[in-house]
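Accompanying notes for the structure given below.
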Amino acid sequence: MAISREKLAIEGGAPVRAEPLPPMYPGGMMIGDEEKQAVLAVLDDKNLFRFAGPSKTPSRVSTFEEKFAQHFGARFALAVSSGTAALHCGLVALGIGPGDEVILPAYTFISSATAIIAAKAVPIIVEVDDSLTIDPAEVERHVTPRTRAIMPVHMRGAPCDMDRLVAIAKKHNLKVIEDVAQADGASFHGKRLGTFGEVGAFSLQFNKVITTGEGGVVVTDDKILYDRARIFHDGAGGFFGGRKEPVSVPFFPGLNYRMSEIAGALALVQLTRLDGLLQAMRARKARIKEAIAPTAMAKGVTFRRENDPAGDAAVALILYMPTADKAREIARALSAENVRAGSMFNEGVPDWHVAFHWKHIIGQNMPTELGCPYRCPLYQGEVHYSADMWPRSLDLLGRSVHIDVSPLLTDADCDQIAEGIVKVLDALL
Ligand SMILES: *Cc1c(COP(=O)(O)O)cnc(C)c1O
């Protein structure tokens, strides 16, 4: 160990920053007068429900849907109550159900898998590659006669390799439903995520890029899929919406996944903030990356590989350390410097973003004794999961150190983050 090095905060030295980093709620931290006025206007109207109310004001939710579709270059957008609801609506719209398999990555929020199970299909959980997104080669390896769809998940803002995934889907006649919950607004080679597949599912939950607290959006170019999603999201088969805007397909039983007008009003304002937030996060991430690159290289630390760096939502900086133990030690040391950091997988720390921790899915503990969809008589396959069946994903996540890139970071904050990273890597590697 070098004697002359700067003493780490974790060893009692002075931290590189006096204050913690700002909280990571990109859209949430921007909530201001516009959001307040928009919500108050809804209350003044007393129109809290998109399909009915005492005033003649056009529905905020409907206006939001039009603007969202326009912004993303999609034909249709359907606002719903959550990202999970968006996934569920998308799967049902695609006609995915009993007997079907859907391929998704081992690194995603558990909702991606539970939405598939809620649609009565079987999630086939496969490895991510060093981009921490689904490995296209693994997708291809897991295609069976029962596979109906691929669910790419653009984790921590970064696009999956949509060229390869769409090509695999075409080759095997599969649908693509993108989970864009963590990458609202990001793109792949200039085209917005969520518009590559038949369906894109977005989340507006409070941790996401833009937010209504809870909320989601389904995007599609296909009128039939749009109508089917609309029927499913509006209880009892499109009762309210169907009266206002006729659907072109036969009704079937749905659930209530509608968005409230208050959320719609918030969503309209937050959508105007989206591209500014992305620009801010991209600039800050680039500044930090540039400052730490020489040290990272000298120390054998690599950056998460990006399928399209320009399209990244840039919500996070992710670095691979040589070992999981080092990653944990470095994350702890950084946090002590007031540069909040975490390793991304730890057996002992439950985290529903890593399939290893999905105990009830791994155990196939289903709500009924028959155990559908796994033991559904219509399901011809047989799946067994075990917590250790994704060794590459767990290795990559275990060796990762994750740092939030808030749009609120000042240049000085970015420079201190970089200084902290350099200090800790110099001391510990
Ligand atoms: C947040 C999230 C979801 C679920 O969105 P909710 O709005 O919380 O239901 C789905 N997938 C991923 C990858 C997420 O991060």
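Within the range 211-227, residues that are closer than 17 Å to Phe196 by Cα and in contact (Cβ under 8 Å) with a residue 24 or more places away in the chain sit with their Cβ atoms under 7 Å from residues that are among the β-branched types (Val, Ile, Thr) and near the ligand (Cβ under 10 Å from one of its atoms), at 6+ positions apart or across chains, in these pairs: Val217/Val80; Val218/Val80.
Only one of the numbered conditions (1) hydrophobic (A, V, I, L, M, F, W, C); (2) touching a strand residue (DSSP E or B) at 6+ places or on another chain (Cβ under 9 Å); (3) outside any helix (DSSP H, G or I); (4) farther than 30 Å from Phe303 by Cβ is not met by Phe251, and that is (2). The C-beta contact set for the range 235-262 (first residue farther than 20 Å from Ser203 by Cα and of a type in the set (A, V, I, L, M, F, W, C), second residue open to solvent by 40 Å² or more (accessible area, probe 1.4 Å) and at pLDDT below 70, distance under 9 angstrom, 6+ apart or interchain) comprises Phe251/Ala236; Phe251/Phe239. Against the conditions (1) closer than 30 Å to Phe303 by Cβ; (2) crowded, with 17+ Cβ neighbours inside 10 Å; (3) over 25 Å from the mean Cα position of the chain (by Cα), Cys376 satisfies every one except (1).
Among the residues of the range 33-55, which ones are open to solvent by less than 60 Å² (accessible area, probe 1.4 Å) and not in a helix (DSSP H, G or I)? Break it down stepwise before answering.
Keep residues of the range 33-55 that are open to solvent by less than 60 Å² (accessible area, probe 1.4 Å), which gives 35, 38-39, 41-42, 45, 47, 50-53, 55.
Hits for the range 33-55 are Asn47, Arg50, Phe51, Ala52, Gly53, Ser55.
Quick one: which residue in Met30, Met24 is touching a strand residue (DSSP E or B) at 6+ places or on another chain (Cβ under 7 Å) and either open to solvent by 40 Å² or more (accessible area, probe 1.4 Å) or modelled with pLDDT of 95 or more (or both)? The conditions single out Met24. Could you tell me whether the range 7-30 includes any residue that is closer than 23 Å to Leu278 by Cβ and of a type in the set (D, E, K, R)? No, every residue in the range 7-30 fails to be closer than 23 Å to Leu278 by Cβ and of a type in the set (D, E, K, R). Among the residues of the range 82-109, those that are within 12 Å of Met151 (Cβ to Cβ), near the ligand (Cβ under 10 Å from one of its atoms) and not in a helix (DSSP H, G or I) comprise Leu104, Pro105, Thr108, Phe109. Quick one: count up the residues across the range 154-186 that are out of contact with any helix residue (DSSP H, G or I) (no Cβ under 6 Å at 6 or more places or on another chain) and either assigned to a strand (DSSP E or B) or open to solvent by 10 Å² or more (accessible area, probe 1.4 Å) (or both). Going through the range 154-186 one residue at a time, the tally reaches 11.
For the range 112-122, what are the residues that are of a type in the set (Gly, Ala, Ser) and either more than 12 Å from the ligand (Cβ to nearest atom) or open to solvent by less than 20 Å² (accessible area, probe 1.4 Å) (or both)?
Ser112, Ala113, Ala115, Ala119, Ala121
Scanning the range 56-77 for residues that are among the hydroxyl-bearing types (Ser, Thr, Tyr) and closer than 16 Å to Asp234 by Cβ, we see that the one that is surrounded by the most Cβ atoms within 10 Å (Cβ to Cβ) is Ser59.
Among the residues of the range 329-373, which ones are aromatic (Phe, Trp, Tyr) and buried (at least 17 other Cβ atoms within 10 Å of the Cβ)? It would help to see each step written out before you state the result.
Residues of the range 329-373 aromatic (Phe, Trp, Tyr): 345, 352, 356, 358.
Hits for the range 329-373 are Phe345, Phe356, Trp358.
The values are calculated or read from the model by the stated rules, or taken from the named source; none is laboratory data. Keep in mind that what you see is a predicted model, and the values were worked out from it rather than measured. Methodologically, a virtual Cβ is constructed for each residue, glycine included, from the backbone with ideal geometry; neighbour enumeration extends over all protein chains shown. Only protein heavy atoms, including side chains, enter the accessible area calculation; ligands, DNA and RNA are left aside. Shrake-Rupley method; radii C 1.70, N 1.55, O 1.52, S 1.80 Å.
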